[in-house]
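Only one structure is covered here, and it is reproduced in the block below.
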């Protein structure tokens, strides 16, 4: 089954949705997955090295108390999925283009999903700066990728990120995660596990001749 995932590494609900999708797929152990990552930037105009986290919090929410209230639901949802969100120690609100490029480079070598998971964890749980080329190179190297530093210094995959953003706009995608099963059935948002399972089953059934 082909699964197209429009997602942003800077999106906490995308991390929750990715975890629920992975759990749903585990209930279909014989299903072979053809996974495709599509870069989506919730804030494409963010400076290349992002904004200092506390300054961003004040700008977007007004302060720490408002931040905690805004993130309370996703923190609890993450806890139920085994994700520990840390919205206090994060260094920056990132521009995620470099992270997307790393996922695309990994995808070309069959490791896109695992690298995406590693980036989510690095940013949301370990408070790493995913705009830092050294952090991206370390994550890439840990997953068998070579030449990540040179890739980031080049224009490789930059146009792919832009093209994916345009593709999402053409499809009417305004929020992520947005997941398409077999290019026919789509889900928007970090849906409950049973919704993901039902979508997978529907897509599977549609492939079986009546």
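Being assigned to a helix (DSSP H, G or I) and either free of Cβ contacts under 8 Å to residues at least 40 places away in the same chain or out of contact with any helix residue (DSSP H, G or I) (no Cβ under 7 Å at 6 or more places or on another chain) (or both) is a property that does not hold for residue 74. Here residue 129 meets each of (1) surrounded by fewer than 17 Cβ atoms within 10 Å (Cβ to Cβ); (2) outside any helix (DSSP H, G or I) with one exception, condition (1). So for segment 137-153 (the condition being in contact with a strand residue (DSSP E or B) (Cβ under 6 Å, 6 or more places away or on another chain) and either buried (at least 16 other Cβ atoms within 10 Å of the Cβ) or more than 21 Å from residue 3 (Cβ to Cβ) (or both)), does at least one residue qualify? Scanning segment 137-153, I find no residue that is in contact with a strand residue (DSSP E or B) (Cβ under 6 Å, 6 or more places away or on another chain) and either buried (at least 16 other Cβ atoms within 10 Å of the Cβ) or more than 21 Å from residue 3 (Cβ to Cβ) (or both), so the answer is no. The single residue among 98, 82 that is in contact with a helix residue (DSSP H, G or I) (Cβ under 8 Å, 6 or more places away or on another chain) and assigned to a helix (DSSP H, G or I) turns out to be 98.
Applying the condition of being part of a loop (DSSP other than H, G, I, E, B) and under 15 Å from the mean Cα position of the chain (by Cα) to segment 175-185 and asking which residue is nearest to residue 33 (Cα to Cα) yields 177. Within the set 5, 16, the sole residue that is out of contact with any strand residue (DSSP E or B) (no Cβ under 9 Å at 6 or more places or on another chain), surrounded by 18 or more Cβ atoms within 10 Å (Cβ to Cβ) and within 28 Å of residue 172 (Cβ to Cβ) turns out to be 16.
Matching residues to (1) within 19 Å of the chain's Cα centre (by Cα); (2) more than 26 Å from residue 67 (Cβ to Cβ); (3) part of a strand (DSSP E or B):
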position	(1), (2), (3)
15	yes, no, no
21	yes, yes, no
29	no, yes, no
32	no, yes, no
37	yes, yes, yes
43	yes, no, no
48	yes, no, no
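Looking at residue 89 and the list (1) assigned to a loop (DSSP other than H, G, I, E, B); (2) closer than 17 Å to residue 125 by Cα; (3) touching a helix residue (DSSP H, G or I) at 6+ places or on another chain (Cβ under 8 Å), which single condition is not satisfied? Evaluating residue 89 over (1) assigned to a loop (DSSP other than H, G, I, E, B); (2) closer than 17 Å to residue 125 by Cα; (3) touching a helix residue (DSSP H, G or I) at 6+ places or on another chain (Cβ under 8 Å) leaves (3) as the failure. The single condition among (1) out of contact with any strand residue (DSSP E or B) (no Cβ under 8 Å at 6 or more places or on another chain); (2) surrounded by 13 or more Cβ atoms within 10 Å (Cβ to Cβ); (3) over 21 Å from residue 164 (Cβ atoms) that residue 53 does not satisfy is (1). Regarding segment 161-173, can at least one residue be identified that is assigned to a loop (DSSP other than H, G, I, E, B) and either in contact with a strand residue (DSSP E or B) (Cβ under 7 Å, 6 or more places away or on another chain) or free of Cβ contacts under 8 Å to residues at least 40 places away in the same chain (or both)? Yes: segment 161-173 contains one or more residues that are assigned to a loop (DSSP other than H, G, I, E, B) and either in contact with a strand residue (DSSP E or B) (Cβ under 7 Å, 6 or more places away or on another chain) or free of Cβ contacts under 8 Å to residues at least 40 places away in the same chain (or both).
All of the numbers you see were taken from the coordinates with simple rules; none came from a lab. Owing to the predicted nature of the structure, the values given are computational and were not obtained by experimental measurement. Counting neighbours? That spans all protein chains shown, and the Cβs are built from the backbone with ideal geometry, glycine included.
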